[in-house]
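Working notes for the structure below.
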Amino acid sequence: MLRYKLPRWLTGRRIPEMVGHSGSTASFLFRIPDLGCHVAGTFNEFADPARPFRLLPRLAATIESVQQGR
């Protein structure tokens with residue numbers, strides 16, 4: 001388990017904290033407590049285990065927008 005939280009100065013926006021795990025095979029499962037949801041997936045690529053960490057902030061922003069009705 002790990003805590004994934006990016007600072008605002010790095011992203012230019014607020015990204016909620018995520019708790020979960022990403023494997024070496026680019027699979028992931030994270031809970032986003034502030035949004036009350038879980039996100040899970042896989043890229044089916046062994047070469048880029050960092051790929052979920054580039055996707056997670058965009059997923060969180062999309063989920064937050066949907067929840068706020070934007």
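The values are calculated or read from the model by the stated rules, or taken from the named source; none is laboratory data. The structure presented is a predicted model; accordingly, all values stated were derived computationally and were not measured. Here the Cβ is made from the backbone with ideal geometry for all residues, glycine too, and neighbour counts use every protein chain on show.
Yes or no: Leu6 crowded, with 16+ Cβ neighbours inside 10 Å and of a type outside the set (D, E, K, R)? Judged against the criteria, Leu6 is a match. Check the range 60-70 and report whether any residue there is among the small types (Gly, Ala, Ser), within 13 Å of the chain's Cα centre (by Cα) and part of a helix (DSSP H, G or I). Within the range 60-70 (the criterion being among the small types (Gly, Ala, Ser), within 13 Å of the chain's Cα centre (by Cα) and part of a helix (DSSP H, G or I)), the answer is yes, since at least one residue qualifies. Pairs linking a residue in the range 7-34 that is in contact (Cβ under 8 Å) with a residue 40 or more places away in the chain and within 12 Å of Phe53 (Cβ to Cβ) to a residue that is outside any strand (DSSP E or B) and not hydrophobic (A, V, I, L, M, F, W, C), with Cβ atoms under 6 Å and 6 or more positions apart or on different chains, are Ile15/Pro57. Just to verify a result, which residue in the range 54-70, among those that are of a type in the set (Gly, Ala, Ser) and either at pLDDT below 90 or surrounded by fewer than 17 Cβ atoms within 10 Å (Cβ to Cβ) (or both), is nearest to Pro33 (Cα to Cα)? Taking the candidates together, the pick is Ala61. What number of residues within the range 17-48 are buried (at least 18 other Cβ atoms within 10 Å of the Cβ) and either in a loop (DSSP other than H, G, I, E, B) or of a type in the set (Lys, Arg) (or both)? The qualifying residues number 1.
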